[in-house]
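What follows is one structure encoded as structure tokens, with my remarks underneath.
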Amino acid sequence: DLASEIEGYGGGLWGAISTDVMAYRCSQKLDTIEKSYISNGKPSKAGLDVYILRFPDKDQPVEQKIGGCLHFEPLVEDEQELNSIDDFSPGCSASYTPLSDFYYRLIQNSYYTLGTRDFSLSDLGAHFMLYMSWSTASWDELFKC
């Protein structure tokens, strides 16, 4: 709800704050997880994608291990769907490579988000350099004797 109070940061728009959740080997059945996601999701207030790296054993196909993603997709103009919530359609996609899908969507969404905030590639590079200077540990400072 806090994100929706800041202009341009709430809702399902590009540039809005979004949350990604990762889960591995959930014990609940997939339909239970999906029902909870749909009943608790508020896509018009904030984005929420749930990546399940491996679906529960009860929901696995024979001789394969898969995962997937729960996601609210905005409806196209004038499109109506029976199970839609705030003009978003809930969905669950299955994938052989859910972790790669997470990384792909993270990068893709980041570019769209930064594009709406008027970032250039140079701004992006400078931001990454600032982050790396903050996050990189110094061996000399770590192991002062």
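The values are calculated or read from the model by the stated rules, or taken from the named source; none is laboratory data. In this text, all values refer to a predicted model and were calculated from it rather than measured experimentally. All Cβ positions, even for glycine, are placed from backbone atoms using ideal geometry, and neighbour counts span all protein chains on display.
Take the residues in segment 108-127 that are in a helix (DSSP H, G or I) and loosely packed, with under 10 Cβ neighbours inside 10 Å; name whichever of them is modelled with the lowest pLDDT.
First, the residues of segment 108-127 that are in a helix (DSSP H, G or I): 108-116, 121-127.
Filter once more, so that each one left must be loosely packed, with under 10 Cβ neighbours inside 10 Å: 121-122.
On the way: 121: 82, 122: 89.
The extreme case among them is 121.
Among what's in segment 28-53 and is assigned to a loop (DSSP other than H, G, I, E, B) and within 16 Å of the chain's Cα centre (by Cα), pick the residue that is nearest to residue 98 (Cα to Cα).
Filtering segment 28-53 down to residues assigned to a loop (DSSP other than H, G, I, E, B) leaves 28-29, 41-46, 53.
Then drop every residue that is not within 16 Å of the chain's Cα centre (by Cα), which leaves 41-46, 53.
Values: 41: 21, 42: 23, 43: 21, 44: 25, 45: 25, 46: 22, 53: 6 Å.
The residue in question is 53.
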query: If residue 86 satisfies every condition in (1) at pLDDT below 80; (2) farther than 19 Å from residue 18 by Cβ; (3) touching a Ser or Thr at 6+ places or on another chain (Cβ under 7 Å) but one, which is the exception?
result: (2)
task: Considering every residue within segment 28-40, establish whether at least one is surrounded by fewer than 16 Cβ atoms within 10 Å (Cβ to Cβ), touching a helix residue (DSSP H, G or I) at 6+ places or on another chain (Cβ under 7 Å) and at pLDDT 90 or above.
output: yes
query: Taking residue 144, is it in contact with a Lys or Arg (Cβ under 7 Å, 6 or more places away or on another chain) and not in a helix (DSSP H, G or I)?
result: no
- prompt: What tally of residues in segment 129-141 results from selecting those that are part of a helix (DSSP H, G or I) and either aliphatic (A, V, I, L, M) or loosely packed, with under 10 Cβ neighbours inside 10 Å (or both)?
  reply: 9
Test result for residue 102, in a strand (DSSP E or B), at pLDDT 85 or above and either of a type in the set (Phe, Trp, Tyr) or over 17 Å from the mean Cα position of the chain (by Cα) (or both): no
message: So the check is Cβ under 7 Å with 6+ separation or different chains; which pairs have a first residue in segment 50-78 that's free of Cβ contacts under 8 Å to residues at least 24 places away in the same chain and within 16 Å of residue 32 (Cβ to Cβ) and a second one that's part of a loop (DSSP other than H, G, I, E, B) and not hydroxyl-bearing (Ser, Thr, Tyr)?
response: 60/66
